[in-house]
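Accompanying notes for the structure given below.
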Amino acid sequence: MIEQYADIAPQGDILLLRKLRDRLKGRSFLHINSTRAGGGVAEILNRMIPILRDLDIDARWEVISGDERFFDITKKIHNALQGRMETIDEDMWQYHLEVNRMNAQNLRLDADAVLIHDPQPLPLIEYKSMGTWLWRCHIDMSSPVRSVWDHLNGFCTKYDAAIFSVPKFTRTLPIDEFIISPSIDPLSDKNRDLSQSEINSTMDNLKIPQDRPIILQVSRFDRFKDPIGVIQAFRMARKYNDCILVLAGSPATDDPEGAMVLSEVQEAVGEDADIHVLMLPPFSDKEINALQRVATVVLQKSLREGFGLTVSETMWKGKPVIGGAVGGIPLQIIHGVTGFLVHSVEGAAFRIRQILNDPETAKKMGDNGREYVRANFLITRQIRDYLSLWYSMENRGANILEL
Amino acid sequence: MIQSISFLREHPGNGYYNHRKKGLVGKKMGEMHEPFDFKACANILKSTGRSVGNLHQLRDEIQRASGSSIFHHTYQYFLKGRMLEYTNDFAEWTGEALGDRALAEELSNIDPYDFTDIEGLRNELFRVISSHMEKHPEPREPMPGNEFYFNETVTLIYPVGIRASNLAELYSAIKYVDAGSIYYHFYEARRRGGGPADDFSTWIEKALAKTELAGRIRAIDPLMYTVEQVRTTLSRIIEYEVRRDIEVPPQ
């Protein structure tokens, strides 16, 4: 399977993966998160586990289960870590811990390396029996609600190391902290090449006309993604350029607020026939791929963002991206080189107009973006980093490791 | 004499004929020498958990930071692999986040390869920032979220399974290997060797006895190029030499 990436990914990544396989083959590597569908974590794990197995790593993926109350609490925790004021009372913390305790009884937690994704399963560290335990935080933690982070910190510091997506998300911790960007899979349905007929038939199915430039944002219906701001920016740009807007998202089982935000969006759209709101079912990867390929301008106008992988997905398709200057987006968009970073609705509107009116620059930015993603944000690099980190944790204290 | 790369681009043969006349050409075919084994390095970024939000804090933290962190923000800057306006992270941050272009220029002018150890480099960074603060004491703050984060790396070094035994093979390999390999042999070599020489020129001089060619490669200013530009420049210089080696002089 790894051979399929040899002609796409940087050859150094493939070579290093093979060297790390020699060191780690036969060892067990367990990933745990809270959903199998929806959101970037589930998406990347769906692709990563088979590749790890192909590298002779005994990789497993477990998902914790919980009821509506549990996911309401964890959504509040998620929001608080991203800076929104939320109150988590003692009962709620106890319930968070209790659900994790029940999951610990049902899950096999024994592995040589255990990677826990995000705060939902964070307390599982209390049930560690063996191996190197790593906490992977995908959330924008640049300004969390202090009391919520203080509580979680008690669990976090019991891990062997923590991993964040961006330097500014790191905290001062007594454990090792690493920075590993997430990634996209160039061979997945979401990112593989599509023929023009595949694109056309997908657009027909989605009822998206292709007779005018398409402005697109693909994201969960989440206030932090600012879908209302995107609508406002589109309406400003439309005064000067005839175009349409597509807002596309999928539901996630661990996001109870999605339906509420979707209804706010629909209300803002009203009777505007130039705005298409698509609630796509989970795993609508080919549809998203086609939308990104057919769009002229793609936005990720987030107000808070873990990493914003849709930016890399779009750049991989050779399209310039307009992104909010938050979270991991500035790591992907080099302003003026692979797209534009914006700080306001007005900024987004201005950059939309700029791209629509200068296709030559847009093409150049798109080409730069694809190469930048190839070098930095493909799944092979992320697996390389996870295995390198695991190997380095087993050789703690050494800053230079020769393989 | 060290010539600029732009000069060498226009006159790639300069100096070559003089050496030919003197008989200072490379070893003859069949002579034994150590092959050039390509390696590469990859880094995992490690946070120190420390960040600063103004020049005072930056200066103080530069004094306290681990040698590994200073190394990462200076020597490893070129691993970013894209066109860069500055030559180290401190210069980039003061120029972009603080909007202090004058200090960014001064910091960019520091050549880390002028120093034999990290402490010398640390002292120079401290001196340049302190001197600038005496002239411009008013504090500058970045936009929230644009603080400077001190990081370090764990480096993994690995053989890439490519070996060159002569100049033509070296030329082919340089065009083929990943950027991480060019970085390892061109930039990282200076730290390992504790001197101004990269691995390519050292091997060309020792194994192939091509002193003039080695000198031309050493004339490449490491701070003025991205890794990909270094690859292109190396290829151009070596290709010219290979072409000259295989050409039959007119009768």
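The values are calculated or read from the model by the stated rules, or taken from the named source; none is laboratory data. Everything numeric in this text was worked out from a predicted model, so none of it was measured. A quick note on method: Cβ atoms are made from the backbone with ideal geometry, for glycine too, and the neighbour counts reach across all protein chains shown.
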Kindly provide the set of residues from region A:278-312 that are polar (S, T, N, Q) and closer than 22 Å to residue A:374 by Cβ, ordered by number. A:289, A:292, A:300, A:310, A:312
Criterion (more than 13 Å from chain B (Cβ to nearest Cβ) and of a type in the set (D, E, K, R)) met by exactly one of A:394, A:402, A:346: A:346
Keeping to region A:52-71, report how many residues are touching a helix residue (DSSP H, G or I) at 6+ places or on another chain (Cβ under 9 Å) and either part of a strand (DSSP E or B) or surrounded by fewer than 21 Cβ atoms within 10 Å (Cβ to Cβ) (or both). 12
Scan region A:359-377 and give yes if some residue there is of a type in the set (Asp, Glu) and more than 12 Å from every other protein chain (Cβ to nearest Cβ), otherwise no. yes
Quick one: which residue in A:386, A:372 is buried (at least 19 other Cβ atoms within 10 Å of the Cβ), in a helix (DSSP H, G or I) and outside the structural domain of residue A:241 (by TED's automatic domain parsing)? A:386
For region A:119-165, which residues satisfy the criterion of being of a type in the set (D, E, K, R), within 22 Å of the chain's Cα centre (by Cα) and at pLDDT below 95? A:140
Among (1) assigned to a helix (DSSP H, G or I); (2) surrounded by fewer than 16 Cβ atoms within 10 Å (Cβ to Cβ), there is one condition residue A:26 misses while meeting the rest; what is its number? (1)
Quick one: would you say residue A:336 is surrounded by fewer than 23 Cβ atoms within 10 Å (Cβ to Cβ) and out of contact with any Cys (no Cβ under 7 Å at 6 or more places or on another chain)? yes
Residues of region B:170-208 that turn out to be within 13 Å of another protein chain (Cβ to nearest Cβ) and of a type in the set (Val, Ile, Thr), as a count: 2
Please specify each residue of region A:173-202 satisfying the condition of being among the polar types (S, T, N, Q), outside any loop (DSSP other than H, G, I, E, B) and surrounded by fewer than 17 Cβ atoms within 10 Å (Cβ to Cβ). A:196, A:197, A:200, A:201
Picked from region A:166-190 (must be among the aliphatic types (A, V, I, L, M) and more than 21 Å from the chain's Cα centre (by Cα)), the residue nearest to residue A:81 (Cα to Cα) is A:173
Applying the selection to region A:107-129, what residues are within 21 Å of residue A:95 (Cα to Cα) and either of a type in the set (A, V, I, L, M) or crowded, with 22+ Cβ neighbours inside 10 Å (or both)? A:107, A:109, A:116, A:117, A:118, A:119, A:120, A:121, A:122, A:123, A:124, A:125
Which ones in region A:157-190 are among the β-branched types (Val, Ile, Thr) and farther than 15 Å from residue A:329 by Cβ? A:157, A:163, A:170, A:172, A:175, A:179, A:180
Take residue A:99 and tell me if it is among the β-branched types (Val, Ile, Thr) and under 19 Å from the mean Cα position of the chain (by Cα). no
Take residue A:86 and decide whether it is in the same structural domain as residue A:388 (by TED's automatic domain parsing), part of a helix (DSSP H, G or I) and on the phi < 0 side of the Ramachandran plot. no
Any idea which of (1) within 13 Å of chain A (Cβ to nearest Cβ); (2) in contact (Cβ under 8 Å) with a residue 60 or more places away in the chain is the one residue B:133 doesn't satisfy? (1)
For residue B:75, the lone unmet condition from (1) within 12 Å of chain A (Cβ to nearest Cβ); (2) under 30 Å from residue A:11 (Cα atoms); (3) touching a helix residue (DSSP H, G or I) at 6+ places or on another chain (Cβ under 7 Å) is (1)
Region A:124-156, subset among the polar types (S, T, N, Q) and under 27 Å from residue A:325 (Cβ atoms), residue farthest from the other protein chains (Cβ to nearest Cβ): A:143
Report yes if some residue within region B:218-231 is buried (at least 20 other Cβ atoms within 10 Å of the Cβ), in contact with a helix residue (DSSP H, G or I) (Cβ under 9 Å, 6 or more places away or on another chain), at pLDDT 95 or above and not charged (D, E, K, R); otherwise report no. no
Residues of region A:257-291 being among the hydroxyl-bearing types (Ser, Thr, Tyr) and within 20 Å of the chain's Cα centre (by Cα), which ones? A:284
For region B:218-234, which residues satisfy the criterion of being assigned to a helix (DSSP H, G or I) and either more than 23 Å from residue B:85 (Cα to Cα) or within 14 Å of another protein chain (Cβ to nearest Cβ) (or both)? B:227, B:228, B:231
Has region A:113-131 got at least one residue that is of a type in the set (S, T, N, Q), in contact with a helix residue (DSSP H, G or I) (Cβ under 9 Å, 6 or more places away or on another chain) and over 20 Å from residue A:165 (Cβ atoms)? no
Quick one: would you say residue A:281 is in contact (Cβ under 8 Å) with a residue 40 or more places away in the chain, assigned by TED's automatic domain parsing to the domain that holds residue A:226 and within 25 Å of residue A:72 (Cα to Cα)? no
Looking only at residues in region B:145-160 that are assigned to a loop (DSSP other than H, G, I, E, B) and at the interface with chain A (Cβ under 8 Å from one of its Cβ atoms), which one is surrounded by the most Cβ atoms within 10 Å (Cβ to Cβ)? B:147
Taking region A:35-56 only, how many residues are closer than 22 Å to residue A:19 by Cβ and either of a type outside the set (Lys, Arg) or in the same structural domain as residue A:313 (by TED's automatic domain parsing) (or both)? 8
Which condition number in (1) small (Gly, Ala, Ser); (2) surrounded by fewer than 21 Cβ atoms within 10 Å (Cβ to Cβ); (3) under 24 Å from residue B:113 (Cβ atoms) is the one that residue B:180 fails? (2)
Count of residues meeting criterion [crowded, with 18+ Cβ neighbours inside 10 Å, hydroxyl-bearing (Ser, Thr, Tyr) and in contact with a helix residue (DSSP H, G or I) (Cβ under 6 Å, 6 or more places away or on another chain)] in region B:198-217: 1
Return the total of residues in region A:216-237 being under 17 Å from residue A:291 (Cβ atoms), assigned to a helix (DSSP H, G or I) and modelled with pLDDT under 95. 1
